[in-house]
Each structure stands twice: as C-alpha cells, then as structure tokens.
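**Q** One structure follows; several queries about it will come next.
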Amino acid sequence: MDVYPDSLPYRELIVEENPYALFMEDMDEAIIGICRKAGSPSVLAYSYDKYIEILMEQENMSYGEAIEWMEFNVVSAYMGEHTPVFIES
C-alpha cells in the first residue's frame, strides 16, 4: 500500500476550493491532503518527511543538507495566506 496517495484528486479539489492555492514545483508526490482552517483559505498539505526524501533523491543531498535547505527555503518562506503547510509525522 502506498502511504502517499495519488496527489491528483487533491490538486483538483484545492483548485476548486481555493484557486489561489500555491503548489510546490516537482513535489506532487509529497502532497498528503488539504488543510482547512476556520477563517483561512484551504491550502495544500505536504508531507515534510516525503519532501525531504524527494530532495535527497532529486538534488543528491544528504539528510542534513535536505533538512537545512527545507527549513531555510521552504518552511521559512511565507508567501501569504495561500502558502502550503508541511506536516511532520
């Protein structure tokens, strides 16, 4: 069983719910769902761990390098209320 479901339904749903939602380029495999919060637009939810795994594979990074890059360039990069969330599990 694939832990990370097919991201296509989430991409379609989020566009219907929030056409301004932001997507992370080349990271569809890390999409795990949609985050809904009262008073805020729905946004995509990405697996933090899967995102790290993809960085390690695609960019040939070590685990430490991927964490550092992720924290500095992704987690700390607030792009407004349509910014995706990253779930660590």
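The values are calculated or read from the model by the stated rules, or taken from the named source; none is laboratory data. Note that this is a predicted model, so its numbers are computed, not measured. We place every Cβ from the backbone using ideal geometry, glycine too, and count neighbours over all the protein chains shown.
**Q** Quick check on my filter: what residues within region 34-76 are of a type in the set (Asp, Glu) and touching a Ser or Thr at 6+ places or on another chain (Cβ under 9 Å)?
**A** Correct list: 49, 53.
**Q** Which members of region 10-20 meet the condition of being out of contact with any Ser or Thr (no Cβ under 7 Å at 6 or more places or on another chain) and within 9 Å of residue 42 (Cβ to Cβ)?
**A** 13
**Q** Condition (residue is modelled with pLDDT of 95 or more, farther than 18 Å from residue 75 by Cβ and in contact with a Phe, Trp or Tyr (Cβ under 9 Å, 6 or more places away or on another chain)) applied to region 46-60: is it met by at least one residue?
**A** No, there is no match, as no residue in region 46-60 is modelled with pLDDT of 95 or more, farther than 18 Å from residue 75 by Cβ and in contact with a Phe, Trp or Tyr (Cβ under 9 Å, 6 or more places away or on another chain).
**Q** Just the residues that are of a type in the set (Gly, Ala, Ser) and either under 14 Å from the mean Cα position of the chain (by Cα) or under 15 Å from residue 88 (Cβ atoms) (or both), please, taken from region 52-75.
**A** 66
**Q** Using beta carbons and a limit of 6 Å, which pairs, at least six apart or on different chains, have the first residue in region 72-86 and at pLDDT 95 or above and the second one assigned to a strand (DSSP E or B) and surrounded by fewer than 13 Cβ atoms within 10 Å (Cβ to Cβ)?
**A** none
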